[in-house]
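A.B. asks: Just dropping this structure here.
Please treat every number below as a calculation from the coordinates, not as lab data. The shown structure was predicted, so the numbers you read here are calculated from the model rather than taken from an experiment. Backbone-built Cβ (ideal geometry, glycine too); neighbour counts: all protein chains shown.
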């Protein structure tokens, strides 16, 4: 249940606004009105159902009165948060009451599309580095759907693949990544666990040692710290400690890094942590095509793979090749944008800053090349060096902390392998060296910004 | 069985015939088998201790001397495909699983012929062929792993069980209870074997554990448990039989607290100042697991001194061969530094 906030309004009529169901929600679908115009409502009555790709929720009236007007009809998709969806008139008013005057800047017209669309509008390049056969059909899907499809395809292909984690089965996934999997594969292969990360991570590793292929979902990677010993000491090191005998084909996956407004304990980026560990592969997809192709590769990989997703990217849509078995190799970077003046190296959600910055820079006459690493371990150093040989300059972008971060690593590798090609010192754009604050303004400051990337690029270009 | 049935938290339900009042008895063949297997572990560990003193074995080395009856008795009821996983005090378990003493000893000396090519050492050895899953150096970490191996048994629908060993020290780790919960929830075929040797490194159970009856540690999960004389291989075998019957019957996990004793220190560097020499001496004289079998065999006229001496000689020869191999085998090739970090069949780079 979700209580809508009444818009500050006249004492007679109240606008019901589209509520946000989660910190990252920006739009949703108005599934169904349970009241019609003219119906009386009491505070607490459920008046409508709304839905996002993560959840369905009920909208409650917060005032007594009449439904004076329904502003957004049943079935409208992409209704932006805070759009007025109905007007509740006070007692004594008629059903034909107009929208309260002057209080809402937004036009209270039914809107099939939101006035302010979400980020995917910044058209992703989404061109995989892999050569696709000419005429390959593409289908638009969200990262969320791509991940789900990857798991479903691999579970159909290999009976030993199963998924284990909190709320993965009956709840359909805390972030709806496993939606529908229980129905198709049953409770034997889609296993809800107790809230016991250390225990179920170890259980997954044990099952992998015994020859199964578990996908262990962490509701978020923040909780995987509870399981760190099993991930590092048991999963990553056993092949080596056993002289190559005892492999551990497990995938640990889930959202990593900052979501929105969830503060320090739920906002950490673990890219650098896992990248530090030999024996692990670390994958951080950005596009839906890569999310799908890399997750399928990760599930087939005989090694433990850390698969770092991002909550904010889950709802982003990209073009995905409509092919029988879309695999993206682990360890190969993707040139997301070709350019000649500077190389911007990023991965995961960092790519959103890089792409927007490149667009701005283009307007300023700087032609940036963007390299999407996709895999952090093994890192495709050759691709970075190759690009920097061409551009002579490099800026790295990540949401993680600066010290011993991915940018620091890239910078060191370039010093070692491309020093003579650098025309300027490498500059790192990272999350700030602080725990993530809650306040909206501080949180924004703590994360990288497009402006920072633009400034850094200009600095290394001496512009 | 009803989840609320408190009877389940009593010592393990006896399935099948009742235990004889005097304790279970062994046939002559079983006695001799137990004697041979325990002696192999004892002699192996004694030599490992010596070799450590000579500098041939480095790092940590945790000896199993005194506890031989536990793994020996359990393995007497194991069937093809059952798995074993334990902590770092693992040499005895490997020998009991049928792993080659040469390969184990060579791993202790860090040689290329060791089970892990010299990369694992005393605490980290594995054998897929013998269903031995390590050899784990982090106290308690093997418990979720063993639970996961049992999960794989259930997933595959076979009737194998995973013997998951841990000590009284590990029994205080949180992940043990996370495992208990899932194992009972999903009725996983895992026998949790608490080797209570009375000391978590240097801290006695009474100083570290609020509840020192480890068989009861599964009570809040409705997992049955039983305390067993872990110095009597017959009692161990009988309890293990009951436990495996329970697991194979689809009833979920069970706990066996094996009351045992280690004669040596926690590791080679342990001066064992936390207990008296008299305490150790008393255990050796009155409860030694190998001596018990020996005395029964001799007093019951089931075996002669000469027969036992022959077994002793045979065991010594096996160990001598292992020591010789482990002392002369080459160290790993330097190129091995870089192998086995990742499985080469991995997709991608």
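A.B. asks: Between the range A:386-404 and the range B:285-349, what is the separation of their alpha carbon centroids in Å?
C.D. replies: If we compute the Cα centre of each part, the gap is 54 Å.
A.B. asks: Let me ask something else. According to a simple spin-label model (label point 7 Å from Cα along Cα-to-Cβ), what is the distance in nm between residue A:389 and residue A:416?
C.D. replies: 1.8
A.B. asks: Report the paramagnetic label zone for residue B:54: residues of the range B:100-121 whose backbone N is under 16 Å from a point 7 Å from Cα along the Cα-to-Cβ axis.
C.D. replies: Within reach of a label on residue B:54, which here means backbone N under 16 Å from a point 7 Å along Cα→Cβ, the range B:100-121 contributes B:102, B:105-111.
A.B. asks: Moving to a separate point now. Could you work out the helix-only [θ] at 222 nm for chain B, with each DSSP H run of four or more residues adding -39,500 (n - 2.57) and the total divided by the number of residues, to the nearest 500 deg cm²/dmol?
C.D. replies: One gets -13000 deg cm²/dmol as the mean residue ellipticity at 222 nm.
A.B. asks: Helix A:288-300 versus the longest principal axis of chain A: what is the Cα-based angle in degrees, 0 to 90, to the nearest 10?
C.D. replies: 50
A.B. asks: Can you give me the angle between helix A:450-460 and the longest principal axis of chain A, using Cα atoms only, in degrees from 0 to 90, rounded to the nearest 10?
C.D. replies: For helix A:450-460, the angle is close to 30 degrees.
A.B. asks: Please label the shape of the range B:26-328 as rounded, prolate or oblate, based on the square roots a ≥ b ≥ c of the eigenvalues of the alpha-carbon gyration tensor (a/c under 1.5 means rounded; beyond that, a/b larger than b/c means prolate, else oblate).
C.D. replies: rounded
A.B. asks: Quick check: the distance between the Cα centres of the range B:188-248 and the range A:256-285, to the nearest angstrom?
C.D. replies: Centre-to-centre (Cα) distance: 39 Å.
A.B. asks: In degrees, nearest 10, range 0 to 90: what is the angle between the Cα axis of helix A:350-363 and the longest Cα principal axis of chain A?
C.D. replies: 90
A.B. asks: Any idea what the relative contact order of the range B:26-328 is, in percent, if you count C-alpha pairs under 8 Å spaced at least 6 apart?
C.D. replies: 24
A.B. asks: Tell me, A:56, B:244 in order of fewest to most beta-carbon neighbours within 10 Å?
C.D. replies: Arranged by neighbour count, lowest to highest, A:56, B:244 become A:56, B:244.
A.B. asks: While we're on this one: Quote the relative contact order of the range A:216-287 in percent (integer), defining contacts as alpha-carbon pairs under 8 Å separated by 6+ residues.
C.D. replies: 36
A.B. asks: For the range A:173-246 and the range A:29-48, write down the distance between their C-alpha centroids in whole Å.
C.D. replies: Computed from Cα coordinates, the inter-centre distance equals 43 Å.
A.B. asks: Quick one: if you stick a label point 7 Å off each Cα along the C-beta vector at residue A:463 and residue A:195, how many nm between them?
C.D. replies: Taking the two extended label points, one gets 5.0 nm.
A.B. asks: Express in nm, to one decimal, how much length is gained between residue A:37 and residue A:183 on full extension, taking 0.36 nm for each residue of separation and deducting their alpha carbon distance.
C.D. replies: Gain in length upon complete extension: 48.8 nm.
A.B. asks: Assuming R0 = 45 Å, what is the FRET efficiency of residue B:158 and residue A:171, from their Cβ-Cβ distance, to the nearest 0.05?
C.D. replies: That gives a FRET efficiency of 0.90.
A.B. asks: May I ask you to derive the FRET efficiency for residue B:330 and residue B:185 from their Cβ-Cβ distance with R0 = 60 Å, giving the value to the nearest 0.05?
C.D. replies: Efficiency computed from Cβ-Cβ geometry: 0.75.
A.B. asks: Between residue A:158 and residue A:134, take the C-beta separation as r, use R0 = 25 Å, and let me know the FRET efficiency to the nearest 0.05.
C.D. replies: 0.25
A.B. asks: Between residue B:298 and residue B:345, what is the spin-label point distance in nm, taking each point 7 Å from the Cα along the Cα→C-beta axis?
C.D. replies: 5.3
A.B. asks: Per-residue Cβ counts within 10 Å, from other chains only, averaged over A:162-169: what number is that?
C.D. replies: Rounded to a whole number, the mean comes out at 1.
A.B. asks: For residue A:455 and residue A:404 in the same chain, what is the full-extension length gain: residue separation times 0.36 nm, less their Cα-Cα distance, in nm?
C.D. replies: Full-extension gain reported as 16.1 nm.
A.B. asks: Using the number of other C-beta atoms within 10 angstrom as an exposure proxy, rank B:39, A:132 with the fewest first.
C.D. replies: In order of increasing Cβ crowding within 10 Å: A:132, B:39.
A.B. asks: Please report the relative contact order for the range A:159-244, taking Cα pairs under 8 Å with a sequence separation of at least 6, and give it as a percent rounded to a whole number.
C.D. replies: Averaging sequence separation for qualifying contacts and normalising by length gives 33 percent for the range A:159-244.
A.B. asks: When Cβ neighbours within 10 Å are restricted to other protein chains, what is their mean count per residue of peptide A:245-256?
C.D. replies: That works out to 3 on average.
A.B. asks: Multiply the residue gap between residue B:285 and residue B:248 by 0.36 nm, knock off their C-alpha separation, and tell me the result in nm, one decimal place.
C.D. replies: In short, 9.6 nm is gained.
A.B. asks: Continuing with the same structure: Rounded to the nearest 5, what % of the DSSP beta bridges within the protein assembly as shown are antiparallel ones?
C.D. replies: The answer is about 40 percent antiparallel.
A.B. asks: Antiparallel as a % of all DSSP beta bridges within chain B, to the nearest 5?
C.D. replies: Just about 10 percent of them are antiparallel.
A.B. asks: Another question about this same structure. Would you order A:450, B:228 from fewest to most other beta-carbon atoms within 10 Å of each residue's own beta-carbon?
C.D. replies: In order of increasing Cβ crowding within 10 Å: A:450, B:228.
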